[in-house]
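A short write-up of the structure that comes next.
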Amino acid sequence: MSAARISLKAIAFRTRPVRFRLPFHFGNTVVTETDQGFVSVTVEVDGQIAEGHAAQLMVPRWFDKRASRTNDDTVADLKRSQEFACRSAEDIASETIAAATTRMREEVEATMPEGTPRLAAHFGPALVEMALIDALCFAHGLNFPQAVRADLFGVSALGAPDITAAAITGALSGITPLPAIAPRQTVGFDAPIFSAEADPERADDGLPVSLEAIIRATGIRAFKIKLKGEPAADIDRLAHIATLIDGMDHYRVSLDANEQYLPDRFAAFLDRLQGDQRLSRLRNSIAFIEQPFARETALTLEITPALSAFPLIIDESDDHDDAFATAIAHGWSGTSIKSCKGVLRALLNYARMVDGRARGKRLFISAEDLTCQPGLCWQQDTLVAATLGCRDVERNGHHFGGGLQGYDDLEKARLLAAHPDLYRRNDGRLDLRIEDGTVAIGSLFGRGFGR
């Protein structure tokens, strides 16, 4: 099946406020509230009219970490990107989604204020892309994995210099979606580890606050631990966490430095990590370390043996379609996939991984997005991860957001009816259904894109 061509008939963008039940400290900011963006499109495909929808949280100070920008400034820029993307999308006429996304990115990037990072500029096009994917899947009566296998979106025509179109279509045609994911709990800088450390006034909604309580309530056995960029403090924090999770039969860990380290300090951190007896079990459970270096320099560094005691992946540096190819050339092992960076980019990077492995390289992708809120945002991003074989998935939005904020009772009832494997009622709330550390997602494989 060749890539489908679509024409836009209508597009709309709206936001809903989300106030976190718990503040979350990551990178160089603390987030307590923000907005979630929703895009709806109406398209024509092969004479058929179809609607598509998508949602993403507008995360302050991740897309743009410039010290001169406040949390509110960066969210305003994401809204501006979205408005420009909707305006650009109005010109979609008999285009593939890949072609439309490429054009939207170029036009929005050129329109945004000078100095806007690409991650922020491309947020709007990524959200429109997701809504177009939903509409196209509906028009063809397919679910997302089926459309991916057929390359209905046109990924193979993106013109990547490091991989052939045939290699892309070959990789995508062989995907094997997973029926469940294992949420990886993100442990922030100031997150209480033991229940005795939790401030009783921090949240009074009956939901778990400490890592100990989360493990007891959900059975989660995968953890993503945030680093500060200070070797001694980071090692002591890991040792404290280890006193809890070392009591589990088995667990998996990733570390996320959020661009906080310089290479020499990171090498010092690795030396401490490998030599500290308190961390012997945790150290052996580390799958990878995520983006220790600033996005501005990470893709120019050679990843030497001194820096690669553990596999390294890029995240914030993955701000254009060829970033992973550059990272591979410099010795990185993987990249994160996030719908807010582009679903088609995730598919392209999956194909790069498959192609590289076929040639003997040890490459991988990982699904990372701590802020996905239950509802459409969570469903679509998780479906991408499961489609590409990522079982261990960073999912923390339900913990900090506390539920389906902004959804009315009718919308919640519809979600529960459509996805009883994802959600359950709990004291009047609609909670994510995590059982024995997993979430079954079979209901996401219906027609469309995770609705």
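The values are calculated or read from the model by the stated rules, or taken from the named source; none is laboratory data. In this text, all values refer to a predicted model and were calculated from it rather than measured experimentally. Counting neighbours? That spans all protein chains shown, and the Cβs are built from the backbone with ideal geometry, glycine included. Ligands, DNA and RNA are excluded from the accessible area calculation, which covers all protein heavy atoms including side chains. Shrake-Rupley method; radii C 1.70, N 1.55, O 1.52, S 1.80 Å.
Odds and ends about this structure:
- For the chain, a simple Cβ point-charge model (Lys and Arg +1, Asp and Glu -1, everything else neutral) yields a dipole of about 840 debye relative to the Cα centre.
- Of all aspartates and glutamates in the structure, the ones whose alpha carbon falls short of 17 Å from that of K361, not counting any fewer than 8 places away in one chain, are D162, E302.
- Of the residues R16, R451, R345, the one with the largest accessible area comes first in the ranking R451, R16, R345, computed with a 1.4 Å probe on protein heavy atoms.
- Overall form of the stretch 246-343 per C-alpha gyration tensor (a/c, 1.5; a/b vs b/c): oblate
- Derived from the Cα gyration tensor, the three semi-axes of the equivalent ellipsoid of the stretch 353-451 are 29, 14, 11 Å, largest first.
- Restricting attention to the stretch 182-338, close to 0% of DSSP beta bridges with both partner residues there are antiparallel.
- Hits among lysines - C-alpha to C-alpha of K9 under 26 Å, sequence gap 8 or more where chains match: K79, K341
- According to the Kirkwood relation over distinct C-alpha pairs, the hydrodynamic radius of the chain is 22.2 Å.
- Under 11 Å, Cβ to Cβ, from K361 - net charge with Lys/Arg +1 and Asp/Glu -1: +3
- Compared with the rule-of-thumb size 2.2 N^0.38 Å for a compact globular protein, the stretch 119-206 has a Cα radius of gyration ratio of 1.71.
- DSSP beta bridges confined to the chain are antiparallel in about 55 percent of cases.
- Between I6, G37, G52, the Cα set farthest toward the positive side of the dipole of the stretch 3-104 (charges on each charged residue's Cβ, about the Cα centre) is that of G37.
- Solution diffusion estimate, µm²/s, Stokes-Einstein, the stretch 1-134, Kirkwood Rh from C-alpha pairs, 10 °C, viscosity 1.306 mPa s: 103 µm²/s
- These residues, L410, L136, L301, go from largest to smallest accessible area, 1.4 Å probe, as L410, L301, L136.
- Selection from S339, F20, L301 lying farthest towards where the dipole of the chain points positive, charges on Cβ: S339
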